[in-house]
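Reviewing the structure listed below.
The values are calculated or read from the model by the stated rules, or taken from the named source; none is laboratory data. Everything quoted here is computed from the prediction, not taken from an experiment. All Cβ positions, even for glycine, are placed from backbone atoms using ideal geometry, and neighbour counts span all protein chains on display. The protein model used for the area step is the full one, side chains on, heavy atoms only, and it has no ligands, DNA or RNA in it. Shrake-Rupley method; radii C 1.70, N 1.55, O 1.52, S 1.80 Å.
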Amino acid sequence: MPSLNKDQIKQQDTIPWLANPIKAAKATMKKYGLWNLNQQMGSRWPIACVALEITQRCNLDCTLCYLSEHSQSIQDLPLEEVLRRIENIYHYYGKNTDVQVTGGEPTLREPSELTAIIAKISSLGMRATLMTNGIRASRTQLERLCKAGLTDVAFHVDITQQRRGYSTELELNSIRTAYLERVKGLPVSVMFNTTLHKDNFHEVTELVRFFCDHAEQLRTVSFQLQADTGRGTLTTRTDEITLESTLDRINQGCRAAINFDAVQAGHPNCNRYGLALIVNKKVHNFYDDNRLFGEVLRASKAVNWRRNKPGKSICRFVFWLLQHPSLAIRLATWGAKRLWQLRNDLTASRGKVTTLSFFTHNFMDACQLDQERIACCVFNTMTRDGPISMCLHNAKRDSFIHQAITTEEGKFWSPVSGRLTDAGQIIEVIPIDQLPSRFLKGRSRQGH
Ligand code: SF4
């Protein structure tokens, strides 16, 4: 599995705009009429994050799982191939890229391998997020990963996981609280992921309140809307669940009108982002001036924000502001006005202020991919041959996870058998009905 240098990757031609990804992302946004002062794709970054799937196996069987019915039978990629893909991400997008270490469940890999993966991402100046259901992510392991350079941990907890003894999202808050306790004091930024569907959509408001009440320990809350992709047994989303109705419920939970337009990430039908300011347990909208924040975010794109090191990041930002006096004056004026508005709550909370990011993500059904959204995709998955839209990857997962990997010796590693062969790149796909029952999950297990 030889590493590729930048020139070799260019020759691969999987992304023709590799030479200047930010410029190309901007051109794409313009082409689709999505370029404006508040658009981050093509101004601050070419991509929001890249998913690195280090295993296809999982220890759960979610009713809305994006993995395929073959996933559980696929062998874990060899470590050297995973490290090669990390180098590839770096060559495509450079430093400060957010890399989601995911699967399947990434903690099913050997702990030493997981540590090596996080260390490699960190050594290249990129930010590593561990995407986990938390079941095997012990405090000891998380401490070790933090030492290796982990910057974020994203816990997926919701009722699609069918955890025994929990039938509502609010009941699952005890698990969320335990996870927050587990990471307490670690230098890592914490996120919770929740998939929304007909059986939990009515709980979003209460769930948002729970997250706001724990904002001191949390940085980001992400809601994914149900999509018909993968092996999950739930399929079609009900009409009541839309990006707009989700934002309404977030606002109801916050008891405030959060602005989801000041920071735009790619296509508005895919993603919405808002930032809450929490003072004295009351939630306020943070970005209340689209023009000012559009200009500030665009101009400060070189400032290296580390979500797990807010103090350091704020110092870097203040230093940057000192070199941009006109924006500094406008921000100071805005800040003075906000301080005055919030003076009572600030006094009551003794100046203690937290922020909480809300992110909503609208994955597409596998059979209804929209070419425009794929072109504007801000979430990619790294494959053997380069990054592609996560929705496209989920829709065609089986063709990617069955790809043979070429070794440095010119042999082929089979993801089905886990063995090396001289036989070539064609991997035989085992029909679902011939897979041993231990590999069956989702729809195939249900039909078994
Ligand atoms: S195309 Fe899919 S993966 Fe990409 S940003 Fe849109 S919803 Fe997300």
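Is the C-alpha gyration tensor of segment 364-448 telling us rounded, prolate or oblate? Criteria: a/c under 1.5 is rounded; beyond that, a/b larger than b/c is prolate, otherwise oblate. Before the final figure, lay out the partial values.
Working: a/c = 3.01, a/b = 1.17, b/c = 2.57.
Cα axes put segment 364-448 in the oblate bin.
Taking the Cα centre of the chain as origin, sum charge times position over the Cβ atoms of Lys and Arg (+1) and Asp and Glu (-1), and report the length of that vector in debye to the nearest 20.
On the way: 57 positive and 44 negative charges, 371 e Å.
In total the dipole reaches around 1780 debye.
Please give the net charge around ALA302, taking every other residue with its beta carbon less than 10 angstrom from that of ALA302, where Lys and Arg add +1 and Asp and Glu add -1.
Working: positive: ARG44, LYS301, ARG316; negative: none.
My count for the surroundings of ALA302 gives +3.
Of LYS95/LYS301; LYS95/LYS120; LYS147/LYS309; LYS30/LYS95; LYS281/LYS312, which ones are farther than 20 Å apart at the Cα?
LYS30/LYS95; LYS281/LYS312
Ignoring everything but the protein chains, give the 1.4 Å probe accessible area of ASP158 in square angstrom, nearest 10.
ASP158 has an accessible surface of roughly 0 Å² with all protein chains in place.
In terms of modelled amide H atoms, which long-range or inter-chain residues lie less than 5 Å from the amide H of TYR287?
Close amide H contacts, sequence-distant or interchain: ASN259, LEU275.
Could you compute the net charge surrounding HIS284? Neighbours are other residues with a C-beta less than 9 Å from the C-beta of HIS284; K and R count +1, D and E count -1.
Here the count lands on 0.
Quick one: Debye curve from the alpha-carbon atoms of segment 61-116 only, equal weights, vacuum; give me log10 I(q)/I(0) at q = 0.17, 0.26, 0.27, 0.29 Å⁻¹ to two decimals.
Log10 of I(q)/I(0), two decimals: -0.70, -1.18, -1.20, -1.25.
Using the alpha carbon gyration tensor of segment 87-127, what are the three equivalent-ellipsoid semi-axes (square root of 5 times each eigenvalue), largest first, in whole Å?
On the way: eigenvalues 78, 23, 11 Å².
Square roots of five times the eigenvalues give 20, 11, 7 Å.
What are the semi-axes of the equivalent ellipsoid of the chain, taken as the square roots of 5 times the eigenvalues of the Cα gyration tensor, listed largest first and rounded to whole Å? Walk me through the intermediate numbers first.
Details: eigenvalues 257, 138, 88 Å².
Equivalent-ellipsoid dimensions as semi-axes: 36, 26, 21 Å.
What residue among TRP340, PHE379, PRO415 has its Cα farthest toward the positive end of the dipole of segment 318-421, where the charges are +1 on Lys, Arg and -1 on Asp, Glu, each on the Cβ?
The Cα lying farthest towards the positive end belongs to TRP340.
If contacts are Cα pairs under 8 angstrom and at least 6 residues apart, what is the relative contact order of the chain in percent?
Numbers: 839 pairs, mean separation 91.5, N = 448.
In percent, rounded to a whole number, it is 20.
Using a ≥ b ≥ c from the Cα gyration tensor of segment 30-128 (square roots of the eigenvalues), is it rounded, prolate or oblate, where a/c under 1.5 gives rounded and otherwise the larger of a/b and b/c decides, a/b for prolate?
Numbers: a/c = 2.70, a/b = 1.48, b/c = 1.83.
Oblate, because a/c is 1.5 or more while a/b does not exceed b/c.
Please compute P(r) over all alpha-carbon pairs of segment 110-211, binned at 10 Å starting from zero, and give each bin as a whole-number percent.
Calculated over all Cα pairs of segment 110-211, the distribution is 15, 43, 28, 14, 1 percent.
Which distance in Å, rounded to a whole number, links the C-alpha centroids of segment 102-176 and segment 357-431?
After rounding, the separation between the Cα centres reads 22 Å.
Could you give the C-alpha radius of gyration of segment 188-269 expressed as a fraction of 2.2 N^0.38 Å, taking N as the number of residues it contains? Let's see the in-between values first.
Values: Rg = 13.5 Å, N = 82, 2.2 N^0.38 = 11.7 Å.
The reported ratio for this selection is 1.15.
What GluC sites (Glu not before Pro) does segment 232-311 have in DSSP loop regions with at most 16 other beta carbons within 10 Å?
Numbers: sites: GLU240, GLU244, GLU295; in loops: GLU240.
Here the sparse-neighbourhood loop sites are GLU240.
Cβ neighbours within 10 Å, averaged per peptide: list 52-58, 230-236 in order, most packed at the top. Walk me through the numbers on the way to the answer.
Values: 52-58: 22.7, 230-236: 18.0.
My ranking of the peptides, most packed first, is 52-58, 230-236.
Using only the alpha-carbon atoms, what does segment 246-352 span along each of its principal axes? Please give whole angstrom values in decreasing order.
Extents along the principal axes, in whole Å: 40, 40, 27.
What are the ³J(HN,Hα) couplings of segment 49-66, residue after residue, when phi is run through the Karplus curve with 6.51, -1.76, 1.60 and θ = phi - 60°? Round to Hz, x for glycine and proline.
In residue order, the calculated couplings are 6, 10, 8, 10, 8, 9, 7, 9, 8, 9, 9, 10, 9, 5, 6, 10, 6, 8 Hz.
Whole-Hz Karplus ³J(HN,Hα) for segment 141-146, in order, using 6.51 cos²θ - 1.76 cosθ + 1.60 and θ = phi - 60°, x for Gly and Pro?
5, 5, 4, 5, 5, 4
What would the Debye formula give as log10 I(q)/I(0) at q = 0.14, 0.21, 0.22 Å⁻¹ for the alpha-carbon point model of segment 291-397, no solvent?
Taken in order of the listed q values, log10 I(q)/I(0) reads -0.84, -1.16, -1.22.
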